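This report concerns only the one structure given below.
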Amino acid sequence: MQTTVQQDVSQFPRFSEIKPESFETRLSDLLSAQERSLNQLLEQKHFTWENLMQPLAMMSMELHNLWSPFSHLHAVKESDALRAAYNVCLAKLTQHQIEFMHNEKLHQAVKSISESKGFAALDLPQKKVIEDLLTDLHLSGSDLPPHEKKEFAELEKQLSQLTTQFEENILDATDHFKFHITNEKRLRGLPKQTIELAAQCAKRHNQTGWLLTLDAPCYVAVMQHAEDRDLRQHIYKAYVTRASDQGPTAGEFDNSQVMKKIMNVRHHMAKLLGFKNYADYVLTKRMAKTTTEVFTFLHNLAKRTKPFAEEEMLELREFARDFEDRDSLEAWDIAYYSEKLRQKHFVFSHEELRPWFVAEKVVDGMFQFIQKLLGITITEQKNPDVWDPTVRFFVIHDASKHLRGYFYTDLYARPHKRSGAWMDDCRERQIRTDKTLQYPVAFLNCNFTPPIDQQPSLLTHEEVQTLFHEFGHCLHHLLTQVNEAAVAGIHGVPWDAVEFPSQLFENWCWHWDTIQMISSHVKTGEPLPMELFQKLVAAKNFQSAMQMARQLQFALFDFRLHTEWDATKSNQIQTILDEVRSEISVTPTPQFNRFQHSFSHIFAGGYAAGYYSYKWAEVLSSDAFSLFEEKGIFNPEVGQSLLNNILEQGGVVDPMTLFIAFRGRPPTVDALLRHCGLT
């Protein structure tokens, strides 16, 4: 366990004091005060960094520090009162941001600084803040004629409301579904942990037997291990039809029209600004500069991947035929027979590994790993004011004992918590007006199986990788040495490069030295045996081509959708998805599947016309890790270079320049294909 250190926590958000009924007033008062302050700033005759940009940074910091904890609660502990208050406040905040970005005086003031003699004397972060703000002002419609600017503002408000509605529909559909089982035979094959959690869920709802949910730990376990094929089919159908016109809640939380409206709004916004489509609009601030570049990248990967994926699928079909005389495979069979095939090939199941990956031990071992790699230390700090008893709070110091930042971990699934895993920023690194430093604070969120009846949470190795991935995002946010929030940490980093550090850290989950740090058997305390580790590594690329094809399917669907959107065409979302599946997918997909209705990444997250970023950044991360493979996976010089050239740099310098400074050359796709076994 990490040592506990006592420090003053009064400066951090007090989540217990955030009341939905009073938050609207707090936000409104602050927005009004900031509008008055902005008007006063713009009355000046001459503008400089000190008299405009620095005050704007302080206003942004104050607003972010108020809004971020409230927004976070909406994602992890939603209630009817919180949802209602959030939607009212979001509308106010959106209106405030629109008025800010459409302020002509502000635009001219910032532009005057960029054209002044004093601009050359500013440091690189300050210049980048100004350049990025001018770009954002343009992309927000600040240059448009008055009537089009008004139209653009209305579209922005609609988009904010629609993306929130999309996410809330998924949350409601997921929480609404409960499948009651009283016959224990139907649970055959399920892991003990899943059965215990289902029993606990039933008890919580005053029912006998077991309740299965659509939370990720339960859904994945059923798909991989339930021997009852009808049960797999039922849970699969409920999961892939969430928030749609199909399935057990058909039409009740339907995102069909919401998606169309989101696409129409985005396309209209892009056209108003003179772009051909929303993808062109998005690429203005990406490493990739043209849609052709992205399509070429994705199609080349797909071309090299599909033959391998077809071979893997053929092997699976033959195995299912031999194993259980299964002549045809349906979508709800793929994960089940894949797990059986994995056990046949490698004589182990991922469920076998759970006892060695106790969640708290994995977290502590991950901190040991990062200390060995980067020289930083992480210690737990007791913060009594958190939103759930399982939440932990940590402080980071570097090798010179300098404070770098803080982060919360919220690792377990529960009702009214958004699905998936993600990092979000609570506070950003920023030099205040009085020259003191606000240190960055991050939220690390996952949806692992929670502890059950005093028994610790046990993770799969895939969940271990998820934890390392999100921790990589946290480190990117927390270790920055940039003192301007707008370009510190993950801010200002092109979206197709932001996954680079997070995917890089996943690689260490496959190395013996790291495994010894993070594994400890729940009963004996012994690390994972070498024999099991070797089986784990041998199975690393099992069906990797099918997994790659799946990700490429999502990326091409997203990018085609935002490149080809035509509001006059009916059912275009489904049509494009079907076409992409026929081109890339090697697995069966039933007609009732409505995957797109819960594809939050592109309809509610930041990945619209940007899902390709995962593969784009994976090229960077694989090639970067190959340097550790060459020099030693804990080589201190390479670790220091990673810290100095990537993690500390924020969004000030072009990411390709940073990559070359670290790697010594531009990236190639070779390492990615080798790591995936596709060579």
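The values are calculated or read from the model by the stated rules, or taken from the named source; none is laboratory data. These numbers were taken from a predicted model, which means no experiment stands behind them. Don't worry about glycine lacking a Cβ; one is built from the backbone with ideal geometry, like all the others, and counts go over all protein chains shown. Heads up: the accessible areas ignore ligands, DNA and RNA and are worked out on the full protein's heavy atoms, side chains in. Shrake-Rupley method; radii C 1.70, N 1.55, O 1.52, S 1.80 Å.
Percent of C-alpha pairs per 10 Å bin in region 400-447, short distances first: 24, 38, 24, 13, 1. Each Cα pair under 8 Å and six or more residues apart adds its sequence gap; the mean of these over the residue count of the chain is a relative contact order of 16 percent. The eigenvalues of the Cα gyration tensor, multiplied by 5 and square-rooted, give region 170-233 an equivalent ellipsoid with semi-axes of 17, 15, 10 Å from largest to smallest.
Calculated FRET efficiency, GLU311 to ALA538, Cβ-Cβ distance, R0 = 22 Å: about 0.80 to the nearest 0.05.
What is region 98-168 by shape, rounded, prolate or oblate, if you read a ≥ b ≥ c off the alpha carbon gyration tensor as root eigenvalues and call it rounded for a/c under 1.5, prolate for a/b larger than b/c, and oblate otherwise? Verdict is oblate for region 98-168. In a reduced charge model with +1 at each Lys and Arg Cβ and -1 at each Asp and Glu Cβ, region 98-243 shows a dipole moment near 820 debye about its Cα centre.
Only one residue of THR241, LEU316, THR208 has its Cα farthest out toward the positive end of the dipole of region 201-351, where Lys and Arg carry +1 and Asp and Glu -1 on Cβ, and that residue is THR241. Between region 253-279 and region 65-137, the C-alpha centres lie 22 angstrom from each other. Sorting the segments 254-261, 424-431, 14-21 by their mean number of nearby beta carbons within 10 angstrom, highest to lowest, gives 424-431, 254-261, 14-21.
Between GLN574 and TRP512, the FRET efficiency estimated from the beta carbon spacing at R0 = 45 angstrom works out to 0.45. Between the helical axis of 572-584 and the longest alpha-carbon principal axis of the chain there is an angle of about 60 degrees. Applying the Kirkwood pairwise sum to the alpha-carbon positions of region 239-326 produces a hydrodynamic radius of 17.2 angstrom. By accessible area, using a 1.4 Å probe on protein heavy atoms only, the chain has 49% of its surface on carbon and sulfur. With coordinates expressed along the principal axes, the C-alpha atoms belonging to region 175-316 extend over 60, 40, 24 Å, beginning with the largest.
Solvent exposure of the chain amounts to 42 Å² per residue of accessible area, where only protein heavy atoms count and the probe is 1.4 Å.
Here is the size of region 399-555 from its Cα atoms: Rg then Dmax, 18.3, 58 Å. A dipole drawn for the chain from +1 and -1 charges on Cβ atoms has a positive end, and of LEU124, CYS446, SER16 the residue lying farthest that way is LEU124.
Protection proxy ranking of 442-450, 329-337, 128-136, by the mean of other Cβ atoms within 10 Å over each peptide's residues and highest first, is 442-450, 329-337, 128-136. Taking Cα centre as origin and charging only the Cβ of basic (Lys, Arg, +1) and acidic (Asp, Glu, -1) residues, the dipole magnitude of the chain rounds to 140 debye. Taking a ≥ b ≥ c as the square roots of the eigenvalues of the Cα gyration tensor of region 308-418, is the shape rounded (a/c under 1.5), prolate (a/b larger than b/c) or oblate? Cα axes put region 308-418 in the prolate bin.
Here region 543-622 is treated as a sphere whose radius is the Kirkwood value from Cα pairs; by Stokes-Einstein at 20 °C and 1.002 mPa s it diffuses with a coefficient of 160 µm²/s. Across region 408-420, computed HN-Hα scalar couplings (Karplus, 6.51 cos²θ - 1.76 cosθ + 1.60, θ = phi - 60°) run 9, 10, 10, 9, 10, 6, 6, x, 6, 10, 4, 6, x Hz from first to last residue, x flagging Gly and Pro. The ALA567 and VAL522 beta-carbon pair, evaluated with R₀ = 56 Å, returns a calculated FRET efficiency of approximately 0.55. Here region 56-118 was treated as a single set of alpha-carbon atoms; its pair distances binned every 10 Å from 0 give 18, 37, 25, 14, 5, 0 percent.
For the listed peptides 43-52, 360-369, a ranking on the average number of other beta carbons within 10 Å per residue, highest first, reads 360-369, 43-52.
Globularity index of region 1-147 is 1.26 (Cα radius of gyration / 2.2 N^0.38 Å, N = number of residues).
To the nearest ten degrees, helix 613-631 and the longest principal axis of the Cα atoms of the chain are 80 degrees apart. If you take the alpha carbon atoms of region 525-679 and fit the smallest convex hull around them, that volume is 198 Å³ per residue.
Looking at the chain, the pairs of alpha carbons with a distance over 50 Å make up 10% of the total. Rounded to whole numbers, the Karplus 3J(HN,Hα) couplings from phi for region 123-130 are 7, 4, x, 5, 4, 5, 4, 5 Hz, using 6.51 cos²θ - 1.76 cosθ + 1.60 with θ = phi - 60°, and x at Gly and Pro. Cα centroid separation, region 505-531 to region 201-221: 30 Å. Angle of helix 80-101 to the longest C-alpha principal axis of the chain, folded into 0 to 90 degrees and rounded to 10: 40°.
Just so you know, the Rg over Rh for region 96-254 is 1.31, from Cα atoms, with Rh as the Kirkwood radius.
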